[in-house]
Amino acid sequence: MPARINYLELPVADTGAAKTFYGAAFGWNFADFGPTYAATTSGDTDIGFQADPTEKTIAALPVIEVDDLDAVEEAVWAAGGTITTPTFAFPGGRRFHFRDPDGHELAVMQPLAG
C-alpha cells in the first residue's frame, strides 16, 4: 500500500468541548482513549483530539500511514527530516513524529498487523 494521510490530530484545550462541537457540527462520534484524548473511529481519515499539554503539538498533526515504519524513519532522516518524537506504541500500532526541512511537524504510523 502506498503511504497515505489517514489521520489528523488536533491540539485542543478541552477534549470534551471539542467532542461536543464536532459532534454537533458534523454528527461525528468519538471513542475516548484516556482523559485527554478522543478520536473518531470511522476507519477512513479519522480525527483525534489531544488535550494533554505535555503531548499536544503546536499545530494540526497530519499522520501518514505506512507499511514499514522503520524503513520510513530511515528515509525521513536520509531526506533531511528531523525526528521530534521517537517511535512509540499506541492503541492500534506504532508511530514517530518528524519535522520536514520547512519545519512542518508530521507523524508516521504503522498499524498493528492483523
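Can you compute the modelled spin-label distance between A13 and D70, with each label point 7 Å from Cα toward Cβ, in nm? If labels sit at A13 and D70, their model points lie 4.4 nm apart. In a reduced charge model with +1 at each Lys and Arg Cβ and -1 at each Asp and Glu Cβ, segment 1-113 shows a dipole moment near 260 debye about its Cα centre. Other residues with beta-carbon under 14 Å from the beta-carbon of I64 carry, at +1 per Lys or Arg and -1 per Asp or Glu, a net charge of -4. Every Cα-Cα pair in the chain was counted, and those over 19 Å apart are 45% of them. Charges were assigned to the Cβ only: +1 to each Lys and Arg, -1 to each Asp and Glu. The resulting dipole of segment 49-114 about its Cα centre is roughly 200 debye. Against the longest principal axis of the chain, how steep is helix 69-78, in degrees 0 to 90 to the nearest 10, with axes from Cα atoms? Orientation of helix 69-78: about 60 degrees from the principal axis.
Between T84, L10, A24, the Cα set farthest toward the positive side of the dipole of the chain (charges on each charged residue's Cβ, about the Cα centre) is that of A24. Between 0 and 90 degrees, the angle of helix 15-26 with respect to the longest Cα principal axis of the chain falls at about 80 degrees.
Each of A78 and L112 was given a label point 7 Å from its Cα along the Cα-to-Cβ line. The distance between the two points is 3.1 nm.
Overall, the anisotropy analysis places segment 1-50 in the prolate class: the square-rooted eigenvalues a ≥ b ≥ c of its C-alpha gyration tensor yield a/c not less than 1.5, with a/b exceeding b/c.
Bear in mind that the values in this text are calculations on the coordinates, not laboratory data. Please read all numbers here as calculations on a predicted model, not as lab measurements. Glycine also receives a Cβ, built like all others from the backbone with ideal geometry; neighbour counts cover every protein chain displayed.
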